[in-house]
Amino acid sequence: MTTIEGVGGTNGKKPIRVRGDKLTSRHSLKYRVARAVDRRLRPLRIRLDRWFISAAARSGILNRVYYTLHRGEFRREQRAVIAGLARFARDVENPSQSVAMLRRNTHRLEKGLLMRPRRPVFALDYIEETVAGYRRLLADSGACDPPSEELVWAHDVLEAYFDTVEKHPKIDRLREEYCSLPVPGRNGSGHLVPYRRDLSQPPSVDYDALLELSIRRRSVRWFLPTPVPREAIDRAIIVAGLSPSACNRQPFAFRVFDNPELAKQVARLPYGAAGYSDNIPVIIVVVGRLRCYFDERDRHLIYVDGSLASMSLLYALESQGLSSCCINWPDIPEREQAVTDLLGLEPDERVIMFIAVGYPDPEGLVACSQKKPLDQLRRYNFE
């Protein structure tokens, strides 16, 4: 056990303890000997590893052996996935903690309602668990006033479903159960069901304006020491929350650190901020939550959906005069342990990326970062 240099605990005093030999004392005799032996054996190890990789790439059995016995890079992901599955199952019975199942099924009902042509009977395989989840959330919400938008949304979509779908023994029974439940109060929102968008007017933001914003947005690493208003961060997160996500589960959260000392501690965790971490006034950690999924097949969606939301966040920040920089988060054991300890992450939570935020220093340079031309980015059909 050791500490990461420059990273304290959540109180700013207690150091973060992490596992791993890479951060042990660089002055001990044991360390120097280990380094010398490593340098001597490295060429042989590299040749053997390349041979093993080449063989494992051609064999499913050797592939499993390689990542089970020789390398353990995916073990943390496996633990997080299994923790997410367990949390999903637990939350189905306790919807006050998460309504991932109900959100997914409500969205599936919406898609069934907007299909053309609409099937007369649909959702037979999941409508029962949807009504059960709605009943549990309704009971758990109690006398909450106003009720949660999730509860109102589930109520409205279920109402539209039962009003639309044709008679069926299973549906008739569940329709009767649904109608016997109390109706949640309204919280000022309209009827939360599929609707027709108003396309009578062109978008308020045209292509040229969006292109200009995209060109203006650069990865900024030098910021003014000006405090960033939380209202501006919240406005950007509202835009990010409107990004698409698979079955509307939104498996991400934005952990915002705007306390100067905490921001410095968090910014020192990723390698990509070395050299300018003390200059970051606000840092956001984008965290994915695997508890939103019932099956291993969806384990990558935290990265897909979290990245979609993050891009919207960057544009919303830029539109308010705030600059940003996405900071990569490689899967390194001691760093994973450090961020887990500092942020108090739960077993199913994984960091997607860090985002530095602040008002740009007009004297600070930004990288040119020449982008690929169009013909390298797209290909129509099989042309």
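The values are calculated or read from the model by the stated rules, or taken from the named source; none is laboratory data. Because the structure is a prediction, the values reported are computed rather than measured. Virtual Cβ from ideal backbone geometry, glycine too; neighbours counted across all protein chains shown. What goes into the accessible areas is simple: the full protein's heavy atoms, side chains included, and nothing from ligands, DNA or RNA. Shrake-Rupley method; radii C 1.70, N 1.55, O 1.52, S 1.80 Å.
Just a few scattered comments:
- Answer residue from the stretch 330-363, given it is modelled with pLDDT under 95 and closer than 26 Å to Ser312 by Cβ and is surrounded by the fewest Cβ atoms within 10 Å (Cβ to Cβ) among those: Pro330
- Evaluated against (1) in contact with a Leu (Cβ under 7 Å, 6 or more places away or on another chain); (2) crowded, with 19+ Cβ neighbours inside 10 Å, Lys170 falls short on exactly one condition, (2).
- Which numbered condition Glu318 fails, given (1) acidic (Asp, Glu); (2) touching a residue at least 24 places away in the same chain (Cβ under 8 Å); (3) in a loop (DSSP other than H, G, I, E, B): (3)
- Extreme residue, nearest to Ser324 (Cα to Cα), among residues of the stretch 227-263 that are more than 21 Å from the chain's Cα centre (by Cα) and open to solvent by 60 Å² or more (accessible area, probe 1.4 Å): Pro227
- So Ala132, is it under 18 Å from Lys111 (Cα atoms) and either basic (Lys, Arg) or surrounded by 12 or more Cβ atoms within 10 Å (Cβ to Cβ) (or both): no
- Residues that are open to solvent by 60 Å² or more (accessible area, probe 1.4 Å) and in a loop (DSSP other than H, G, I, E, B) were ranked within the stretch 95-123; the one that is nearest to Arg299 (Cα to Cα) is Gln97.
- Residues in the stretch 276-311 that are of a type in the set (S, T, N, Q) and either in a strand (DSSP E or B) or under 13 Å from the mean Cα position of the chain (by Cα) (or both) were compared, and the one that is nearest to Glu363 (Cα to Cα) is Ser310.
- Only one of Tyr161, Tyr67 that is at pLDDT 95 or above, of a type in the set (Ser, Thr, Tyr), over 24 Å from the mean Cα position of the chain (by Cα) and part of a helix (DSSP H, G or I): Tyr161
- Selection from the stretch 264-288 of residues that are open to solvent by less than 10 Å² (accessible area, probe 1.4 Å) and not hydrophobic (A, V, I, L, M, F, W, C): Pro270, Gly288
- Any hit, the stretch 177-191, residues being free of Cβ contacts under 8 Å to residues at least 12 places away in the same chain, exposed (fewer than 11 other Cβ atoms within 10 Å of the Cβ) and over 22 Å from the mean Cα position of the chain (by Cα): yes
- Only residues that are in contact (Cβ under 8 Å) with a residue 24 or more places away in the chain, assigned to a loop (DSSP other than H, G, I, E, B) and not hydroxyl-bearing (Ser, Thr, Tyr) were counted across the stretch 216-264, and they come to 15.
- Here Ala160 meets each of (1) closer than 26 Å to Asp125 by Cα; (2) out of contact with any Leu (no Cβ under 7 Å at 6 or more places or on another chain) with one exception, condition (2).
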